[in-house]
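Structure first, commentary second.
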Amino acid sequence: MRLDTKHMRYLTGDDWRALTAVENGSKNHEVVPTPLIEKLSGLRGQVHKNISALAKVGLIARLKNAKYDGYRLTYGGLDYLALNTYRKRKDVYSVGNQIGVGKESDIFVVADEQGVQRVLKIHRLGRISFRTVKANRDYLRNRSSGSWMYMSRLAALKEFTFMTALRDNGFPVPVPLAQSRHTIVMSLIDAFPMRQISSVPDPASLYAELIQMIMRLAQYGLIHGDFNEFNILIKEDTTKEIVDEKEVEKLTLTPILIDFPQMVSIDHANAEYYFDRDVNCIKRFFQRRFGFTADEKGPYLAEAKKMVGRDGAVRLDVSVAASGFSKKMAKELEAYMKEVGVDGDGDPNGERGDEEDDNDEEEEEESGEEEEGDEATSTEPAVDSSDIASLARLQIKDQT
Ligand SMILES: Nc1ncnc2c1ncn2[C@@H]1O[C@H](COP(=O)(O)OP(=O)(O)OP(=O)(O)O)[C@@H](O)[C@H]1O
């Protein structure tokens, strides 16, 4: 799903109040009754005008088949509320090109008032599941209709909390800048995903660095759970050195971890499965892509467990629970992801959002609910992001 921000500037203060009222009403109501929107917004009779303005541009949708007349927030509406929060806090000033369509997210380049580019990641859980795992529809139906919105919020909160904890402990991750609802804002990394890189000068040292990162995560009580070429960006830096009185350029490659949807505690019941999968993903990729095979077997979970707490490392699996992403939330998110069949990029049966258009329409058709208001369908780039990734030295594979 794309992000069409062009209606933002035409919304009045009262439209925003009505939209916020629908959001608040959906905490307890699957379909928010019109009188409740009126009450929560404090707008009285004239709220109908605001409601139709919002429905017209697809920020809320009318449900005709419900027992009573009412509205639900669309993903577009939730996007606008998050963007409005960022706008007010001055985290985001303009929205630019879409740079990624993940399985469960959309990624955009945005900019702050000074024109500094950042990344906005919008979590959209449920998009794949509705297309591929029909059997799970009942499970989702029985929950409040906001469940994918709620789960997407949890996913954003999880990502922001872990990114903050990892960053604070010196891990190479983007700088987490802001979080609202189902979205986060982070720094833009000028680098390509490892899956787009066809050769590197020294695969052995890059491999060693990645294995070291897996072990360092273990030191802090964590297993990534989805450690692979999609979730690692390779940053290139050149430095000048004097060798034999001549200046030579030295190339350093730094892996940056950008995504951790399945991060689990090293004490997780399936720790071994996740740990081995992380290690094997990297092994397989290095073998296939760079023709590199490590001499050593492993590492194995038993070795990783010995690392926990070494050199005074704090257990981040424990501390994140205290700093916003609770154990209950972790359980809810994990159960949902399992239920809808999401098991990371390493999942051979998994589909990626960039391989096919998403199919939200199909879900709505089959649900038998007729809704008014079109979803957003076009983007309006405000930021020129053509200079995002410019690598001089590495060979880059086609994006296909
Ligand atoms: N901070 C960032 N800086 C630069 N590019 C980024 C950043 N975050 C994400 N990207 C780009 O967007 C793409 C998708 O990002 P990410 O892996 O976070 O999304 P995702 O929905 O979790 O994807 P998937 O689940 O399919 O791996 C990345 O491959 C990368 O090219």
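The values are calculated or read from the model by the stated rules, or taken from the named source; none is laboratory data. Predicted, not measured: the structure shown is a model, and the values here were computed from it. Neighbour counts are summed over all protein chains in view; Cβ atoms, including those assigned to glycine, are modelled from backbone coordinates with ideal geometry.
Listed here are the residues, each with its yes/no results for (1) modelled with pLDDT of 95 or more; (2) within 15 Å of the ligand (Cβ to nearest atom).
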position	(1), (2)
Phe171	yes, yes
Thr183	yes, yes
Ser198	no, no
Ala208	yes, no
Leu222	yes, no
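Out of the residues in the stretch 252-269 that are outside any loop (DSSP other than H, G, I, E, B) and over 15 Å from the mean Cα position of the chain (by Cα), state the one that is nearest to Gly170 (Cα to Cα).
Going residue by residue through the stretch 252-269, those that are outside any loop (DSSP other than H, G, I, E, B) are 252-257, 264-265.
With over 15 Å from the mean Cα position of the chain (by Cα) added as a condition, the list becomes 252-256, 264-265.
Details: Thr252: 18, Leu253: 17, Thr254: 13, Pro255: 13, Ile256: 12, Val264: 19, Ser265: 19 Å.
In this case the residue turns out to be Ile256.
Every residue in the stretch 218-260 that is of a type outside the set (S, T, N, Q), within 17 Å of Ala191 (Cβ to Cβ) and without any contact (Cβ under 8 Å) to a residue 24 or more places away in the chain, please.
Asp237, the sole residue that qualifies.
Starting from residues that are over 26 Å from Val320 (Cα atoms) and touching a Lys or Arg at 6+ places or on another chain (Cβ under 9 Å), keep the ones in the stretch 244-271 and report whichever is modelled with the highest pLDDT.
If we filter the stretch 244-271 for residues that are over 26 Å from Val320 (Cα atoms), which is where we start, we get 244-253.
Those still in the list that are touching a Lys or Arg at 6+ places or on another chain (Cβ under 9 Å) too: 247-253.
Values: Glu247: 91, Val248: 90, Glu249: 89, Lys250: 87, Leu251: 88, Thr252: 90, Leu253: 94.
Ranking the qualifying residues of the stretch 244-271, first place goes to Leu253.
Give me a count of the residues in the stretch 89-127 that are surrounded by fewer than 23 Cβ atoms within 10 Å (Cβ to Cβ), assigned to a strand (DSSP E or B) and either away from the ligand (no atom under 16 Å from the Cβ) or among the acidic types (Asp, Glu) (or both).
1
Considering only residues that are polar (S, T, N, Q) and not in a helix (DSSP H, G or I), look in the stretch 201-251 and name the one that is nearest to Gly170 (Cα to Cα). Walk me through it before giving the result.
Taking the stretch 201-251 and keeping what is polar (S, T, N, Q), we get 205, 212, 219, 228, 231, 238-239.
Those left that are additionally not in a helix (DSSP H, G or I): 228, 231, 238-239.
Working: Asn228: 20, Asn231: 18, Thr238: 21, Thr239: 22 Å.
The extreme case among them is Asn231.
Taking the stretch 265-299 only, how many residues are surrounded by 18 or more Cβ atoms within 10 Å (Cβ to Cβ) and polar (S, T, N, Q)?
1
Does the stretch 304-316 contain at least one residue that is within 16 Å of the ligand (Cβ to nearest atom), surrounded by 14 or more Cβ atoms within 10 Å (Cβ to Cβ) and hydrophobic (A, V, I, L, M, F, W, C)?
Within the stretch 304-316 (the criterion being within 16 Å of the ligand (Cβ to nearest atom), surrounded by 14 or more Cβ atoms within 10 Å (Cβ to Cβ) and hydrophobic (A, V, I, L, M, F, W, C)), the answer is no, since none of the residues qualifies.
Output the number of residues of the stretch 271-297 satisfying the condition of being charged (D, E, K, R) and within 23 Å of the chain's Cα centre (by Cα).
Here the count works out to 2.
If you take just the helices (runs of 4 or more DSSP H) that sit entirely in the stretch 11-88, which of them hold at least 1 residues that are touching a Pro at 6+ places or on another chain (Cβ under 9 Å)? Can you show your working first?
Numbers: elements: 13-25, 34-41, 47-56.
In the stretch 11-88, the matching helices (runs of 4 or more DSSP H) lie at 13-25.
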